[in-house]
Amino acid sequence: MKLVTAIIKPFKMDDVRAALSDIGVQGITVTEVKGFGRQRGHTELYRGAEYVVDFLPKLKLEIAVAESQLDAIIEAIIQSANTGKIGDGKIFVTDMEQVIRIRTGESGEEAV
Ligand SMILES: Nc1ncnc2c1ncn2[C@@H]1O[C@H](COP(=O)(O)OP(=O)(O)OP(=O)(O)O)[C@@H](O)[C@H]1O
Ligand SMILES: [Mg+2]
């Protein structure tokens, strides 16, 4: 299993959620975060206003997936979160040791 952590532009959340639902993703955790990428010190648009990039609001999505779903999920996020402009975000993939559904006690891919 893998943990997909995606940082996206907040206004892209609905598109990304729809794209992930379409390919059968069963759960997503979303957190409001702030961050910056490699243009630190330059300007980036957020809600129509130009900000000097220090920390900009982003959303962090966490999705635990079976390895067989991984490529499709990455592709869906790239397609749905991309504007072609700087600051579109990043996808991090890490190994996930275990997942347990609290209600039933199911574990592993059954619980994703
Ligand atoms: N190396 C990193 N480590 C952790 N978080 C990062 C890293 N790079 C980017 N992020 C997070 O992703 C958000 C968006 O990054 P961003 O898309 O600007 O990356 P970038 O490398 O500057 O690419 P681009 O040139 O397309 O803007 C940042 O605000 C930050 O929250
Ligand atoms: Mg950037």
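Assorted remarks:
- Residues in region 81-100 that are farther than 12 Å from Lys9 by Cα and among the polar types (S, T, N, Q) were compared, and the one that is most open to solvent (accessible area, probe 1.4 Å) is Gln98.
- Of all the listed residues (Ala76, Ala111, Ala18, Ala49), the sole one being touching a strand residue (DSSP E or B) at 6+ places or on another chain (Cβ under 7 Å) and on the phi < 0 side of the Ramachandran plot is Ala111.
- Matching residues in region 27-44 - criterion: being away from ligand 2 (no atom under 12 Å from the Cβ) and either at pLDDT 95 or above or not basic (Lys, Arg) (or both): Gly27, Ile28, Thr29, Val30, Thr31, Glu32, Val33
- The set of residues in region 8-26 that are open to solvent by 40 Å² or more (accessible area, probe 1.4 Å) and either at pLDDT 95 or above or touching a helix residue (DSSP H, G or I) at 6+ places or on another chain (Cβ under 7 Å) (or both) comprises Phe11, Asp14, Asp15, Arg17, Ala18, Ser21, Asp22, Ile23.
- The residues of region 71-88 that are over 10 Å from the mean Cα position of the chain (by Cα) and within 16 Å of ligand 2 (Cβ to nearest atom), listed by number, are Asn82, Thr83, Gly84, Lys85, Ile86, Gly87, Asp88.
The values are calculated or read from the model by the stated rules, or taken from the named source; none is laboratory data. These numbers come from a predicted model, not from an experiment. Positions of Cβ are generated from backbone atoms using ideal geometry, with glycine treated the same way; all protein chains shown enter the neighbour counts. Areas reflect the complete protein model, heavy atoms only, side chains present, ligands, DNA and RNA absent. Shrake-Rupley method; radii C 1.70, N 1.55, O 1.52, S 1.80 Å.
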